[in-house]
1. Checking the structure you have, find out if any residue of segment 90-101 is among the hydrophobic types (A, V, I, L, M, F, W, C), in contact with a Phe, Trp or Tyr (Cβ under 9 Å, 6 or more places away or on another chain) and closer than 30 Å to residue 182 by Cα.
2. Might you check whether a residue that is among the aliphatic types (A, V, I, L, M) and either touching a Ser or Thr at 6+ places or on another chain (Cβ under 7 Å) or outside any strand (DSSP E or B) (or both) occurs anywhere in segment 119-129?
3. Residues being within 26 Å of the chain's Cα centre (by Cα) and not aliphatic (A, V, I, L, M): count how many of those fall in segment 401-435.
4. Somewhere in segment 359-368, is a residue aromatic (Phe, Trp, Tyr), more than 18 Å from residue 197 (Cα to Cα), open to solvent by 30 Å² or more (accessible area, probe 1.4 Å) and assigned to a helix (DSSP H, G or I)?
5. Step by step: first the residues of segment 436-455, then only those that are within 33 Å of the chain's Cα centre (by Cα) and of a type in the set (A, V, I, L, M, F, W, C), then the one that is most open to solvent (accessible area, probe 1.4 Å). Which residue is that?
6. Consider only pairs whose beta carbons are under 7 Å apart and that are at least six residues apart or on different chains; among these, list those whose first residue lies in segment 305-318 and is under 14 Å from residue 506 (Cβ atoms) and modelled with pLDDT of 95 or more and whose second residue is open to solvent by 60 Å² or more (accessible area, probe 1.4 Å) and of a type in the set (D, E, K, R).
7. Do any strands (runs of 3 or more DSSP E) lying entirely in segment 1-114 carry at least 1 residues that are open to solvent by 90 Å² or more (accessible area, probe 1.4 Å), and which ones are they?
8. Please list, ordered by first then second residue, the pairs with beta carbon atoms under 6 Å, 6 or more apart or interchain, first in segment 217-239 and part of a helix (DSSP H, G or I) and modelled with pLDDT of 95 or more, second surrounded by fewer than 18 Cβ atoms within 10 Å (Cβ to Cβ) and charged (D, E, K, R).
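The values are calculated or read from the model by the stated rules, or taken from the named source; none is laboratory data. Every value quoted in this text rests on a predicted model; they were computed, and no experiment measured them. Cβ placement follows ideal geometry from the backbone for every residue including glycine, while neighbour counts extend to all protein chains displayed. The protein model used for the area step is the full one, side chains on, heavy atoms only, and it has no ligands, DNA or RNA in it. Shrake-Rupley method; radii C 1.70, N 1.55, O 1.52, S 1.80 Å.
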Amino acid sequence: MHETNELVKRRLEELEEIKKAGINPYPHKFDVTSESADIINNFTDPLTEEEKEERKKVTVSVSGRIMAIRKMGKATFCHIKDGKGKIQIYIKKDDVGEDKYNLLKLLDIGDIIGATGYVFKTKTGEVSIHANNFELLTKSLQPLPVVKEEVTESGEKIIHDAFADVELRYRQRYIDLIVNENVKDTFIKRTKIIQSIKRTLEDKSFLEVETPTLQTIYGGANAKPFVTHLNALDLPLYLRISNELFLKRLVVGGFNRVYEFVRDFRNEGIDRTHNPEFTQVEWYQAYGDYTDSMNLFEEVVENACLAVHGKTEIEYQGVMINFAKPWRRLKMTDAIKDKTGLDVTSVSKQEIIDYMKQNGIEFDPKISHSKGLLVANLFEETCEEDLVQPTFILDHPIDTTPLCKPLREYSMEQLEVMEKDPEQVIYTERFEPYINKWELGNSYTELNDPILQRKLFEAQVERGRGGEEETHPLDEDFLKAIEVGMPPTTGVGLGVDRLVMLLTNSHTIRDVIFFPLMKPLH
């Protein structure tokens, strides 16, 4: 800490000297004509002395942060980092004048400069810029986080260590992006993934829309909301946990194919794959079912993988994963039978409970009233660990969601009988995609029967009264929209952050969110 304070003190002294010299250390503007990668990639060696002289007449202007500086008497080399990479600047005292050259003594690693000059290649073969002028654009007062900032006998300032403290990297992402090149690359890939998803959807005539973040009634998922308050109307509000119910309203209104990238907020735990604020993309397609959504989901993910890797098989944390379609499709009940030998379609609710107790499988006693919830819990505890390669888990119990159509194989008469029998489980046209043992999304053939929708919402309310913490509230306006008439529809939610983790080989969700939530230090 003492060393850091001394470095800051020295930089403040340099700042004062710069001001006394009549130089503005924070000017308003600098005209940039080129970036490092473009200059380096487009450089061609001149063949003749005449061509070398012609090149000196063509100037470029670049700007960036000083990452290394080496003074050699009347000449100085420095590397600057801009938005596309690094490039070397060569500055001679005779070219810029003594006063300007003396400014270099007051510059540090981390300062931002602009330079104008011509492009050439040094004797060592490095494409560089021979500056005829340079400007200080920003004086940095905080040294970059290094173990030691060494100044060698030749005047070079060297960074000895990278920014390695993980928690500090998340808290000070701006520094992390400067000194850890791979971090910036992760977020560039994130953007490419999102752009790819948009392209795939828009190529199939989906329209990007926007829905409210502040909602009077939260819904669309089983999750705890964040509660806030609108002072102007003295109104309690919720940060959205999902945008599903609003996108369905748009389908009712005649927008047959819509999608939206959203920040969702769920007041739940934080771990390697969960952050209270996260990004999802949801899309809804009128006149389709969950099979259509499966086909589109695997296409969306395969295209995203191709967009950042140019191939469909990549390594994640030492495991090879192939994102190429088609993916495996497996019913939840079959997955359980394959893993445990238990046929949950034929055994009683009590037999499932006994099996779970005998095998040390924990479950919330509050769900023991529901055979469907026990089936879902048994799947999560026994089968998810095997789902490494992309797999769709199909046909979930209706107890897990009030927003999904029952399987089309049921007749209306069968459903009426099954609803009254606690030993019967109604399965729905729902799938969850799994990759690397993670659930990556959720999809339904959407329920558009307003009578059944109301009944399922009311059952959710009763379950909430019975002590369950994560249930759907009853949304009268949404029910009215369904009563107006929603066409047969399928919808999908895809967890963008988890997909980015997979496609960038990132260990934790915090590595793919620019500014993850952190507990304040004070």
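1. Within segment 90-101 (the criterion being among the hydrophobic types (A, V, I, L, M, F, W, C), in contact with a Phe, Trp or Tyr (Cβ under 9 Å, 6 or more places away or on another chain) and closer than 30 Å to residue 182 by Cα), the answer is yes, since at least one residue qualifies.
2. No: segment 119-129 contains no residue that is among the aliphatic types (A, V, I, L, M) and either touching a Ser or Thr at 6+ places or on another chain (Cβ under 7 Å) or outside any strand (DSSP E or B) (or both).
3. The total comes to 6.
4. no
5. 438
6. Within 7 Å, the pairs are 308/192.
7. Because the criterion is at least 1 residues that are open to solvent by 90 Å² or more (accessible area, probe 1.4 Å), the strands (runs of 3 or more DSSP E) in segment 1-114 that meet it are 60-72, 85-92.
8. Nothing qualifies.
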